[in-house]
């Protein structure tokens, strides 16, 4: 197809809009609402062009290029229309940052006419210098307002975590609404009312949290003005550097970009140009990483436990003490706990350290319990995320993907939108639930029966319900169905049996499995070193077979076990009762480079972009410091040697002959008038280096509510309960008190408890309980 | 109210599960319950596999849908050109002041809800006030205040 734009002859292959064609060929047409990922909207009307033979001035973003079209983009009339449009936008958008006599001086000296202690300037828009409207105004050289201004005087919306909204600065380009609808398919934002009353947000005056917002930050990324801004870096100004990196907060290891300012990590955004990419990350990758690294309670100096208490010591002293402790240990009497959030390099060094310096001690990680190993055994044969795009049917079990696994939920949602049948098993309404053809909600004790029904149906076609029949039918019919199993299953009583059944279903239907986990480098850890199941080690500690407990970013203890020495090496403070002999502050993600092994066997590398907090040192530095330079050469840990020692198979820990005491869980008590509610518990679903992200990052805690009992608004109304009030939970033989939280994503009749750390409160999960408002 | 929502839910299931059913369903809901409550938005969104925001976005675009419970009687004050010229605005202000209610809302005793309309189509009778189904013509403030007593 041939057309002429600004006297240039252009040939295009695929159908495209005039704006796209022009931009692709280096012809600049100004626009504020167009976005490469989104459908054209024609809202800002800055991209108007003249097309020969057409009346008026069509917007180029909504006009498809046609054969023989003659387009002009830069005539005097067009410029005049655009200037008029900008004036109209500016009549409702505060313009003090652009139309002030003191703009130049303000930027340099930040003088202020208010009586304040610091010079801040009078600017109050957080996106100053990063604003597309500012850029357009500058480009057109507009220095005066021709229309009277109208300030909308809307209240600032600050009540949701992670980002603030000031719709006084909104220009209604609709990018946020479109990216939420089209790209994320969450549809939390919509344009409400019309005309002068037009507003953006969820239904009625609901908060984003209650509208089931995922807080992916896509709307914040694409906003061209300061209407949406990240809370954590609102007034920090422009970042100095943007570096590519990898997110370590779950097994999907998304690509991200890190924003740094003065050697400090200030934020993370998805790959691509700022303002153009947006919806690829989950809340953890988008907002939590920088908050995690900048936590104020990080350990900054080495500490040593003197008889009279902890004292801050120098690194030399700490190393000396560590050497003393490790030298006095007899062989095979140490246990090294490592976190699956560390890099391959760090894990490899830890393994080497354990073998040579700790004289053949055992290595484990608190996540490697009986149920998780069963989960990992199945996860070994995971398909890759790309296979989800080609799958013919998807069945997810206990996914709970609201605040994590964004690429996975996005793949499910876009497949379901294309017409791929999607079925969901589980109790929590997540972002994919709306796309499910059927949702299966099992009663306590029936989870296994559900899977059995599916298996029977697959084997002989007999079925109790038409829904299961449909599910079995479409899974069998499609050659490449996918079973998505979420790690919530690990917390359930029937986990191991259920995983067996899921494998059977996968075998019967020929479907692939996709099983994400909340650990950044668990696969890397398992392919680098042979580890023991954690129950076995805990048993050994109990039996007094361990003298030294070396904890590297992992500490599944609330009080000090009976061992001679405890060394605690982490970035975050140790659990209150652990009382380690030696505390060694380590650096975190972003402060040291490293590589992670993703779930599809690829190694992803990232660079150090910031300096470690305080006197923290990298794990490798600490290990080699303790070992002495002769024993561990850092050159020995080159990328090559690590790659060589990576095995193709995971060394999944195998239980010893002596099976540890397993908490198989009792039978759920029978329902009835006494216990009308169903409690579902989940072990810490968002873990990183011994910390529960929900507890450590208060804003994330508002979403994931660790330690809270979450119930449906309908049940809360019945119990006359408000958010934050205390609630009594009665289970057979047990009584506990929790703070209540109200969310729509828990179904009526169910209550959900996400544990902060440690084991579950009730043996059988799920189980029947009763709830009562606690009268104080 | 709950019974009426159940009744509506049964009726809703006769509609196909597609986006095109949204407006007819909202109209039916308003006809049955008098307004679009958050529960209705939730029910309809669940049925059509939309989000509540999407349903509310569509519903709030049209002035035909209301989102607060109507009073026992409904006062509509015409502010079309003819009525506006002869003092429709003053009638609206009087209602707002004396009944302590804002346009589009309902008095606290649920007696009246107050709305402004663009034109009732009888401009010769301006200013026009409609209470429930009765049209009152050539209204002034004294007449307006007398009228209220007929509606309890």
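The values are calculated or read from the model by the stated rules, or taken from the named source; none is laboratory data. Computed from a prediction, not measured in an experiment: that's the story for all the values here. Note: ideal-geometry Cβ built from the backbone for every residue, glycine included; neighbour counts use all protein chains shown.
What the table shows:
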read-out: Hits in segment A:483-505 - residues which are in a helix (DSSP H, G or I) and under 22 Å from the mean Cα position of the chain (by Cα); value: A:487, A:488, A:489, A:490, A:491
read-out: Elements of type helices (runs of 4 or more DSSP H) in segment A:681-776, at least 2 residues being touching a strand residue (DSSP E or B) at 6+ places or on another chain (Cβ under 8 Å); value: A:693-696, A:713-718
read-out: Near pairs, Cβ below 6 angstrom, 6+ apart or cross-chain, from segment A:435-453 (within 14 Å of chain B (Cβ to nearest Cβ)) to any residue that is outside any helix (DSSP H, G or I) and surrounded by fewer than 16 Cβ atoms within 10 Å (Cβ to Cβ); value: none
read-out: Filter result for the condition that a residue is at pLDDT below 90, out of contact with any strand residue (DSSP E or B) (no Cβ under 8 Å at 6 or more places or on another chain) and not in a helix (DSSP H, G or I), over A:368, A:358; value: A:368
read-out: Some residue of segment B:58-72 being within 30 Å of residue A:180 (Cβ to Cβ), touching a residue at least 12 places away in the same chain (Cβ under 8 Å), within 14 Å of chain A (Cβ to nearest Cβ) and not in a loop (DSSP other than H, G, I, E, B); value: yes
read-out: The listed residue being under 25 Å from residue A:198 (Cα atoms) and either at pLDDT 90 or above or in contact with a strand residue (DSSP E or B) (Cβ under 6 Å, 6 or more places away or on another chain) (or both), out of B:88, B:57; value: B:57
read-out: Looking only at segment A:200-211, and only at residues there that are free of Cβ contacts under 8 Å to residues at least 40 places away in the same chain and either surrounded by fewer than 18 Cβ atoms within 10 Å (Cβ to Cβ) or part of a loop (DSSP other than H, G, I, E, B) (or both), the one that is farthest from the other protein chains (Cβ to nearest Cβ); value: A:205
read-out: Filtered residue count, segment A:182-191, keeping only those that are facing chain B (nearest Cβ under 8 Å) and either within 13 Å of residue A:406 (Cβ to Cβ) or surrounded by fewer than 23 Cβ atoms within 10 Å (Cβ to Cβ) (or both); value: 2
read-out: Looking only at segment A:161-181, and only at residues there that are within 14 Å of chain B (Cβ to nearest Cβ) and assigned to a loop (DSSP other than H, G, I, E, B), the one that is nearest to residue A:410 (Cα to Cα); value: A:174
read-out: Selection within segment A:268-303 - in contact (Cβ under 8 Å) with a residue 24 or more places away in the chain, surrounded by fewer than 22 Cβ atoms within 10 Å (Cβ to Cβ) and under 27 Å from residue A:33 (Cα atoms); value: A:271, A:274, A:275, A:276, A:277
read-out: Condition broken by residue A:219, with the remaining ones in (1) within 14 Å of chain B (Cβ to nearest Cβ); (2) touching a helix residue (DSSP H, G or I) at 6+ places or on another chain (Cβ under 6 Å); (3) assigned to a loop (DSSP other than H, G, I, E, B) satisfied; value: (3)
read-out: Breaking point among (1) out of contact with any strand residue (DSSP E or B) (no Cβ under 7 Å at 6 or more places or on another chain); (2) under 28 Å from residue B:115 (Cα atoms); (3) surrounded by fewer than 19 Cβ atoms within 10 Å (Cβ to Cβ), for residue B:74; value: (1)
read-out: Enumerated strands (runs of 3 or more DSSP E) restricted to segment A:262-337, each holding at least 2 residues that are over 19 Å from the mean Cα position of the chain (by Cα) and over 20 Å from residue A:623 (Cβ atoms); value: A:303-306, A:309-312
read-out: Unique match (being closer than 24 Å to residue A:747 by Cα, within 14 Å of another protein chain (Cβ to nearest Cβ) and outside any helix (DSSP H, G or I)) among B:36, B:40; value: B:36
read-out: Boolean, residue A:252 is at pLDDT 90 or above and out of contact with any strand residue (DSSP E or B) (no Cβ under 9 Å at 6 or more places or on another chain); value: yes
read-out: Qualifying position, being buried (at least 23 other Cβ atoms within 10 Å of the Cβ) and closer than 29 Å to residue A:700 by Cα, among A:365, A:433, A:384, A:391; value: A:365
read-out: Qualifying positions in segment A:379-422 - assigned to a helix (DSSP H, G or I) and modelled with pLDDT of 90 or more; value: A:406, A:407, A:408, A:409, A:410, A:411, A:412, A:413, A:414, A:415, A:416, A:417
read-out: Residue under evaluation residue A:234, criteria (1) away from every other protein chain (no Cβ under 14 Å); (2) surrounded by 14 or more Cβ atoms within 10 Å (Cβ to Cβ), criterion not met; value: (2)
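This table checks each residue for (1) in contact with a helix residue (DSSP H, G or I) (Cβ under 6 Å, 6 or more places away or on another chain); (2) surrounded by fewer than 20 Cβ atoms within 10 Å (Cβ to Cβ); (3) within 29 Å of residue A:271 (Cβ to Cβ).
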site	(1), (2), (3)
A:17	no, yes, yes
A:46	yes, no, yes
A:58	no, yes, no
A:67	no, yes, no
A:75	no, yes, no
A:99	no, yes, no
A:103	no, yes, no
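Quick grid of which residues meet (1) under 26 Å from residue A:295 (Cβ atoms); (2) within 19 Å of the chain's Cα centre (by Cα):
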{"position": "A:683", "(1), (2)": "yes, yes"}
{"position": "A:691", "(1), (2)": "yes, yes"}
{"position": "A:696", "(1), (2)": "yes, yes"}
{"position": "A:699", "(1), (2)": "yes, yes"}
{"position": "A:704", "(1), (2)": "yes, yes"}
{"position": "A:707", "(1), (2)": "yes, no"}
{"position": "A:712", "(1), (2)": "no, no"}
{"position": "A:720", "(1), (2)": "no, no"}
